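Accompanying notes for the structure given below.
The values are calculated or read from the model by the stated rules, or taken from the named source; none is laboratory data. Quantities reported herein were computed from a predicted structural model and do not represent experimental measurements. Ideal geometry is used to build each Cβ from the backbone, glycine not excepted, and the neighbour counts take in all protein chains shown. When the accessible area is computed, the model is the full protein with side chains, heavy atoms only, and any ligands, DNA or RNA have been set aside. Shrake-Rupley method; radii C 1.70, N 1.55, O 1.52, S 1.80 Å.
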Amino acid sequence: MFKNVFGSGFLVRTAHVILTWVITLILFLHDTELRKQEETGHFVQPVLFVLLVLVSVLLYFAVSLMDPGFILSDDGDLQFTLGVTEEQQDMIPPTKSLRQRRCGHCLLQQPMRSKHCQTCQHCVRRYDHHCPWIENCVGERNHRWFVLYLAVQLLVLLWGLHIAWTGFSYAPTWQLWIRANGILLASAMLVALLSLIVLLLLGSHLYLVSLNTTTWEFMSRHRISYLKHCGADENPFDRGTFHNLWGFFCVWGTVVWEQVYFREGSDQV
């Protein structure tokens, strides 16, 4: 289920962890509200902040090392056969073919919504994208954890930005102010930039999840065999916002997307 922590992406993961704890240490060393509460014996907020940072790091490693849904054999053919019979396939409109492709790289059958990742060298179920930040694909098995990680990371960054703001000290001149607050200012600017990036990522993923589509499908639907014949506003996997969100966050296990695709197609016959 998890990959080797010392494998591909070790430097990226190490840099992420070091940066996270260095910024956390800076917030404690400067005259921020965290340090003031620590000095006065009020440890609730400092402990909660450190625990939240720890949770974000653990989620980062979980998403980074988790199997995103690699297809390692042709076992999916049986699932495909059980999910949609030949008689049902014959009932589907000709514009919606359910023929499975065979990957030209790993030579395995690709279930619907899967794609081969050139970086990971595997086909991934319900492929979303390959994320260089976590050095792993985002797919069927780790997508919900990726979204949860983004939410926790955003909370940590916004809280850290607020804490950094409380640590700036007064100085009579700009030169003295920069000298006294330069490191904290640089950290705050980095945290603000990361907050904006994570906010945009989280917002875009929640939007796509609410539509039951993926980043790959959204960006490349004109090149995807099972979508390029659909209308511009047509999504055969969309079951309504509530059901899309419920299925994404609360339904575990492998989904036979051919069944969902067939059900949508048969409704339009």
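Structural remarks
- Per-peptide average of other Cβ atoms within 10 Å, ordering 162-170, 136-144, 207-215 highest first: 136-144, 207-215, 162-170
- The coefficient of translational diffusion for region 138-181, derived via Stokes-Einstein from the alpha carbon Kirkwood radius under 37 °C and 0.692 mPa s, stands at 250 µm²/s.
- Rounded to the nearest 20 debye, dipole of the chain from Cβ charges on Lys, Arg, Asp, Glu: 520 debye
- Computed about the Cα centre, the dipole magnitude for region 186-267 is approximately 200 debye when only Lys and Arg (+1) and Asp and Glu (-1) carry charge, each at its Cβ.
- The order of the peptides 254-260, 122-128, 239-245 by mean Cβ neighbours within 10 Å, most packed first, is 122-128, 254-260, 239-245.
- ³J(HN,Hα) computed for each position of region 12-18 - Karplus, 6.51 cos²θ - 1.76 cosθ + 1.60, integer Hz, glycine/proline x: 5, 5, 5, 4, 4, 5, 4
- Share of carbon and sulfur in the accessible area of region 127-269 stands at 68%, probe radius 1.4 Å.
- Residues of the chain: accessible area per residue with a 1.4 Å probe, Å²: 55 Å²
- Sorting the segments 171-183, 23-35 by their residues' average number of neighbouring beta-carbon atoms within 10 angstrom, most packed first, yields 23-35, 171-183.
- Along its principal axes, the chain has C-alpha extents of 79, 37, 33 angstrom, given from the largest down.
- Simple Cβ-charge dipole of region 86-237, Lys/Arg +1 and Asp/Glu -1, about Cα centre, in debye nearest 20: 280 debye
- Pairs of alpha carbons in region 154-269 separated by more than 25 Å make up 49% of all such pairs.
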